[in-house]
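Written out below as C-alpha cells is the structure these notes cover.
The values are calculated or read from the model by the stated rules, or taken from the named source; none is laboratory data. Computed from a predicted structure; not experimentally measured. A quick note on method: Cβ atoms are made from the backbone with ideal geometry, for glycine too, and the neighbour counts reach across all protein chains shown. Only protein heavy atoms, including side chains, enter the accessible area calculation; ligands, DNA and RNA are left aside. Shrake-Rupley method; radii C 1.70, N 1.55, O 1.52, S 1.80 Å.
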Amino acid sequence: MLNLKLFIMKNVILSKRQKQNMKGFFFSFLLISFSVLNAQTDTAVETYKEFSGIVVDENSGDALVFASLAIENTNISTVTNNDGKFLLKVPSNLENSNIVISFLGYKQKTVALSSLKKSKNKISLEPDVTELSEATINTFKNPKDLVEETFKRKASNNLNQQANMTAFYRETIKKRRRNVSLAEAIVNVYKQPYNSNRKDNMKLYKARKSTDYTKLDTVALKLQGGPFNALYVDMMKYPQYIFTSEMLQYYDFSYLPSTTINGKAVYIVKFAQNPNVVEPLFYGKLYIDAETLALNSAIYNLNVENKELTGSMFVKKKPRDIKVYPTKAAYRVDYREKNGKWYYGYSNVQITFKINKKRKLFNTTYSLSSEMAITDWEISDAKESLKFKERLKPSIIITDEASGFSDPEFWGAYNVIEPEKSIESAINKIKRQLKKAG
C-alpha cells in the first residue's frame, strides 16, 4: 500500500525570531484613561502660494486617490487624499515652476503653476496601458525570482545617502463612523541609506490633536508608535518585517497583467501566504519597474482569519474584560524616483478592530488610520546626526505630545495632506468649540 504520508505536507510554524520580526511591524495600541487637552500656538514666516483642487481620471471623472504631485526639479511634493483632493504650498520664489502629477497606470502630466487657480483646480490624467514584451517577461519566468532580485538590487536602485526629510503625518481613530481622536504632525525624518542596517530616526517639529473620550464608552484608545507605524511600512528599508530571504519561502507568487508608472512598464506580482503556514502573513501586490527592477509601490493586507493570533499581535495592553481582534489590516507604500534613485514617499496603514466587552450584548467597531507623506528632503552630511534626547521614541503616543486645533496658521508654509470631508468637519467643529470656550 502506498504510504500517504508522502503526500501530506506538514503545517509550517515560523521560528521565534521570525515571529518577533513580524510582531515589531504591527500597530500596538493602548487602552488607557482620560487625558487633558492643552492649547498652544506656533507660526511660520516663510511666504508661499497655496493651490488646491482634485485629480481625476480623464475618461470616467473618478477621483484618483494617492496621486503624487511634485514641483519640477525640486523635492517638494504631496499626495491626494481619499477624495482625490490635494493641497500644495509652493514657496513664492518657485511660483513660475511646473507641477508634475503621476499615478499608477496613468500617463504623467506636467502643468504650469501659473495656469492654476488658488482653489477648485481639476487636473485630469490619461490612462496608459503598456504590454510587456515576451523577452522582458521571459527574463523572470518565476515571479519569486523577480522579487528576490528586486530586494538584492536595493543598493543600486534606492537612495544610498543619508537624507533629512520633512514629512506630514496624520492619524485618526474612529468609533464606527465618528472621529474620536485626530492628530497631525510635522516630523523631521533622518533617513538612513537603504544599504545600511541603521534605523531611521525622527524628530517631532509640530503637532496638534483632538480627542473626544466621551464617544469611547468607558475606555480610551490611543495609538502607540505614531509616525513609526507608517515609516516601518517602507519594506525596502525594513524587509525584516515581511520579505526576508527566510520569509520568501512561505509565500506563493504569481504574475498579473502589467501596467505603467510615469510611462514606464511595470510588473505586477501577486503574493499570498502558502496555505500550509499556520501564522498569519500577508497578501497583496508588488509593483516593480520592468527595466531597473526597483519597487515602485506595494499594496497589501494581513491575513486576519485567525482572530486570536492577530489580536495578540496588535494589542499591547487592555482591560481583562475586553476582547480585541482585527477585522482588517491594510498597508500601502509608494516610492518616488529622482535621478535614477528611489526613496520612500508615502505610506498608510488602516486597521479595523472589533472590541467585545463582557456583559455587553453588542460589540464595537473601531478603525485606526496612520499615514505619512514626505513633502521635502535634501541630502545631508553623513556626519550629521540627531541628538539622542531629540529623537522620537518608537513607543511615542502623538496625542500625548500634541496641542489642540487652535491656531489656523499652525502649519504655515508646510505641505499637508488635504483633509477628507469627515476629518475637515471634525477640525472645524473643534475650532468652533475652542472659540466658544474662549
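Among the strands (runs of 3 or more DSSP E) lying completely within the range 90-183, list those that include at least 3 residues that are under 30 Å from K203 (Cβ atoms), out of contact with any Asp or Glu (no Cβ under 6 Å at 6 or more places or on another chain) and not hydrophobic (A, V, I, L, M, F, W, C).
Result: 163-175.
Which numbered condition trips up G340, out of (1) surrounded by fewer than 20 Cβ atoms within 10 Å (Cβ to Cβ); (2) more than 17 Å from Q192 (Cα to Cα); (3) touching a strand residue (DSSP E or B) at 6+ places or on another chain (Cβ under 7 Å)?
(3)
Of the numbered conditions (1) crowded, with 16+ Cβ neighbours inside 10 Å; (2) free of Cβ contacts under 8 Å to residues at least 24 places away in the same chain; (3) in a loop (DSSP other than H, G, I, E, B), G311 fails exactly one; give the number of that condition.
The single condition G311 does not satisfy is (3).
For the range 389-398, does any single residue satisfy the condition of being farther than 30 Å from S312 by Cβ and modelled with pLDDT of 85 or more?
Yes; the residues of the range 389-398 include at least one that is farther than 30 Å from S312 by Cβ and modelled with pLDDT of 85 or more.
Scanning the range 96-114 for residues that are more than 15 Å from G345 (Cβ to Cβ) and of a type in the set (A, V, I, L, M), which turns out surrounded by the fewest Cβ atoms within 10 Å (Cβ to Cβ)?
In this case the residue turns out to be A112.
Which condition number does Y366 fail, the rest of (1) at pLDDT 95 or above; (2) of a type outside the set (A, V, I, L, M); (3) open to solvent by less than 20 Å² (accessible area, probe 1.4 Å) being met?
Failing condition for Y366: (1).
Go through (1) farther than 28 Å from V266 by Cα; (2) crowded, with 16+ Cβ neighbours inside 10 Å for L125 and report which single condition fails.
Going through (1) farther than 28 Å from V266 by Cα; (2) crowded, with 16+ Cβ neighbours inside 10 Å one by one, L125 breaks only (1).
Output the number of residues of the range 229-247 satisfying the condition of being open to solvent by 10 Å² or more (accessible area, probe 1.4 Å) and either of a type in the set (F, W, Y) or modelled with pLDDT under 90 (or both).
Residues flagged as open to solvent by 10 Å² or more (accessible area, probe 1.4 Å) and either of a type in the set (F, W, Y) or modelled with pLDDT under 90 (or both) within the range 229-247 amount to 6.
Hey, among the residues in the range 391-423 that are part of a loop (DSSP other than H, G, I, E, B) and among the basic types (K, R), which one's surrounded by the fewest Cβ atoms within 10 Å (Cβ to Cβ)?
K393
Working carefully through the options A185, A135, find the one that is closer than 20 Å to R332 by Cβ and either in contact with a strand residue (DSSP E or B) (Cβ under 7 Å, 6 or more places away or on another chain) or at pLDDT below 95 (or both).
The conditions single out A185.
Do the conditions hold for R208, that is, is it in a strand (DSSP E or B), under 27 Å from F353 (Cα atoms) and open to solvent by 20 Å² or more (accessible area, probe 1.4 Å)?
On the way: in a strand (DSSP E or B): yes; under 27 Å from F353 (Cα atoms): yes; open to solvent by 20 Å² or more (accessible area, probe 1.4 Å): yes.
Here the answer is yes, as R208 does meet what is asked.
Can you name the number of the only condition in (1) aliphatic (A, V, I, L, M); (2) in a loop (DSSP other than H, G, I, E, B); (3) under 24 Å from W342 (Cβ atoms) that V304 fails?
Condition (3) is where V304 drops out.
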